[in-house]
1. What pairs in Lys101/Lys160; Lys77/Lys153; Lys77/Lys134 have C-alpha atoms more than 25 Å from each other?
2. Computed over the Cα atoms of region 187-258, what is the convex hull's projected area averaged over all directions, in nm²?
3. Compute the FRET efficiency between Thr34 and Gln136 as 1/(1 + (r/R0)^6), taking r as their Cβ-Cβ distance and R0 = 22 Å, and round to the nearest 0.05.
4. Using only the alpha carbons, work out the radius of gyration and Dmax of region 103-148 in angstrom.
5. Using the crude model of +1 on Lys and Arg Cβ and -1 on Asp and Glu Cβ, and no other charge, please compute the dipole size for region 48-128 relative to its Cα centre, in debye to 20.
6. Multiplying the sequence separation of Phe76 and Glu217 by 0.36 nm and subtracting their Cα-Cα distance, what value in nm do you get?
7. With the dipole of region 1-127 worked out from charges on the C-beta (+1 for Lys and Arg, -1 for Asp and Glu) around the Cα centre, which of Ser119, Phe18, Gly54 lies farthest toward the positive end?
8. Give the shape of region 124-258 as rounded, prolate or oblate, defined through the alpha-carbon gyration tensor: a ≥ b ≥ c are the square roots of its eigenvalues, a/c under 1.5 means rounded, and otherwise the shape is prolate if a/b is larger than b/c and oblate if not.
Amino acid sequence: MCYDISFTVDIKQLSDYFPEVIPDHQLQLDFDGTHIIGHLHSEHPILYRNRDDGRLHVRMMEWGCIPFYIKELEAFKKQRATMLNARSEKILADKKSYWNKIRNRRCLVPVNGFYEHRSVPGFKTKIPYFLTLKKQPLFFLPGLYSAVEVLDKRTGELVKTWTYTIITRPANRLMKEIHNEGDNRWRMPLMLNFEKSIAWLSEELPDDLYQDLLEFEMPPEEMNSIPVYSIRTSKMRPDFKVKNEKFPWENLPEIILY
């Protein structure tokens, strides 16, 4: 699954990809998110098509969807971890799923890359990898979003809260070798090239095109896989470099694609 992403660019760079995008509110220009952890439910700039004016907007949203029927967040806290990702197979096919209900609330999550862990024989802990696209330093992960009114216990008022989930799909050959252990092994975030990212935010998306986008598999040869130091620790790297830079693990076997 996808619980760790990276976004470390100037917000103004988004306009290089989407010149027509409209900020919903004042956004921090320099967003330093070398490692964004899903389980912290932090805010992230998300692209979506506004339902009122039909235009592309960007606004801060929290990672981890809160369904529209939730009014008391405290009781939903534990379950929210299950809403960080949405399986692509459920969105159109499972009519009872929440993802099917919000299938037309499509959004894009801008990232420089994402992290995943590889189990390697002889290593006590899994080795984290930083995954990027070779030809697109800033790319976009398809997602779905929710806008709900949640009770603020301090004021007793309902506050409109915007949240999102990242869509995952079966892994390609590269990600099968990296995300190779655990209950959710052999999964990866849905990755689209820029042309398909634009299609994802179309005002109207027929089911046949929707399904084609959900089934798109990013070719492994278009991806970089960089072994990095442990990302789930508060300790500094031994070499004092940032989290998404390559780390020279001793005796780490190369990934061989079959």
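The values are calculated or read from the model by the stated rules, or taken from the named source; none is laboratory data. Note that this is a predicted model, so its numbers are computed, not measured. Because the Cβ atoms are built from the backbone with ideal geometry, glycine has one as well, and the counts that use them run over all protein chains shown. Ligands, DNA and RNA are stripped out before the accessible areas are found, and what is left, the full protein with its side chains, is counted by its heavy atoms. Shrake-Rupley method; radii C 1.70, N 1.55, O 1.52, S 1.80 Å.
1. Beyond 25 Å between Cα atoms: Lys77/Lys134.
2. 7.8 nm²
3. 0.75
4. So, for region 103-148, Rg and Dmax equal 15.4, 47 Å respectively.
5. My answer is approximately 200 debye.
6. Result for the pair: 47.5 nm of gain on full extension.
7. Towards the positive end, the residue furthest out is Ser119.
8. Oblate is the answer for region 124-258, as a/c is 1.5 or above yet b/c matches or exceeds a/b.
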